[in-house]
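For reference, the structure discussed in these notes is given below.
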Amino acid sequence: MIRNPDVSYRFSSLSVPGGGFVTGFVFHPREQLLYARTDIGGIYGFDFDNNKWFSLNASLTEFQHHLTRPLSIAVAEENPCMLFAMCGDSWINHTTGERNGSSAFLVSYDKGMSFTEKNVPFNVNGNAPARGSGERLAYRNGRLFFGSQGDGLWFSDNLGNSWNRTSFPEENCAFVYIHQESGILIVSCTGETAAVGNRRGHTLFASYDNGVSFVK
């Protein structure tokens, strides 16, 4: 967070009426929009006029349990009406290799008042360990990046209709960040793939060519 010297700040506690605990906040950089994600209680928006939170998942049914577990949310800087979310309750049975649960990408064109659900080719679990480490979903100039929990770094150029895996050398991502002006892509990971003994490998990578290649 960069402190603005022309703005006065006041910090205090604020209740969020969601299940589980709050795993992340996302502010829109240009508009007065604030979103929160919870590990098992869905996504919330903040009503600045009435100083309270409201659920963006109130219309979900019992058959959409996986959508109440947002692992990451993101906004589009040039379009404040757009909101993205990666949700799921998927997990892998390491004995059988079978995938359990469901995962989905959500896109909204009305600030989260409604969402379109799209399938994804990787597992997502918003209630898994490290769910509060940072936002794994990022958007810039029509391209989405998502750092998965075991399937590497992926990108989409069609708002989540299809996804492609990048050349990112690690599998378990912790957060993804794009500098909106320069386009520099920063990806953090656990460093387990290159671990030697009790030491982790490199945990921070940068891409200067929109995710084509990465440097340590």
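Are any residues in segment 155-185 under 12 Å from the mean Cα position of the chain (by Cα) and of a type in the set (A, V, I, L, M, F, W, C), and if so, which ones? Write out each step before concluding.
First pass over segment 155-185, keeping only residues under 12 Å from the mean Cα position of the chain (by Cα): 173-177.
Selection gives CYS173, ALA174, PHE175, VAL176.
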Residue within segment 161-181 that is among the small types (Gly, Ala, Ser) and on the phi > 0 side of the Ramachandran plot present: no
Residues (over 23 Å from PHE25 (Cβ atoms), assigned to a strand (DSSP E or B) and open to solvent by 30 Å² or more (accessible area, probe 1.4 Å)) located in segment 144-158: TRP154, PHE155
Scan of segment 134-150 for residues that are over 10 Å from the mean Cα position of the chain (by Cα) and small (Gly, Ala, Ser), ordered by number: GLY142, GLY150
Search result, residues across segment 53-76 that are closer than 23 Å to ALA174 by Cβ and either of a type in the set (Ser, Thr, Tyr) or open to solvent by 60 Å² or more (accessible area, probe 1.4 Å) (or both): THR68, SER72
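Within segment 187-209, which residues are within 15 Å of ARG143 (Cβ to Cβ), open to solvent by 20 Å² or more (accessible area, probe 1.4 Å) and either aliphatic (A, V, I, L, M) or without any contact (Cβ under 8 Å) to a residue 12 or more places away in the chain (or both)?
So the first thing to find is which residues in segment 187-209 are within 15 Å of ARG143 (Cβ to Cβ), and the list is 187, 207-209.
Filter once more, so that each one left must be open to solvent by 20 Å² or more (accessible area, probe 1.4 Å): 208-209.
Listed by number, the list holds a single entry, ASP209.
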Filter result for VAL22 (hydrophobic (A, V, I, L, M, F, W, C) and modelled with pLDDT of 95 or more): no
Test: residue in segment 162-172 that is crowded, with 18+ Cβ neighbours inside 10 Å and touching a Lys or Arg at 6+ places or on another chain (Cβ under 9 Å): no
Residue that is most open to solvent (accessible area, probe 1.4 Å), among those in segment 28-52 that are free of Cβ contacts under 8 Å to residues at least 60 places away in the same chain and touching a helix residue (DSSP H, G or I) at 6+ places or on another chain (Cβ under 9 Å): GLY41
Qualifying strands (runs of 3 or more DSSP E) (wholly inside segment 77-129; at least 2 residues being surrounded by fewer than 21 Cβ atoms within 10 Å (Cβ to Cβ), polar (S, T, N, Q) and at pLDDT 95 or above): none
Condition check for SER213: among the polar types (S, T, N, Q) and in contact (Cβ under 8 Å) with a residue 40 or more places away in the chain: yes
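The values are calculated or read from the model by the stated rules, or taken from the named source; none is laboratory data. All values derive from a computational prediction rather than experimental measurement. Quick reminder, even Gly has a Cβ in these numbers, built from the backbone with ideal geometry, and neighbours come from all protein chains shown. Ligands, DNA and RNA are stripped out before the accessible areas are found, and what is left, the full protein with its side chains, is counted by its heavy atoms. Shrake-Rupley method; radii C 1.70, N 1.55, O 1.52, S 1.80 Å.
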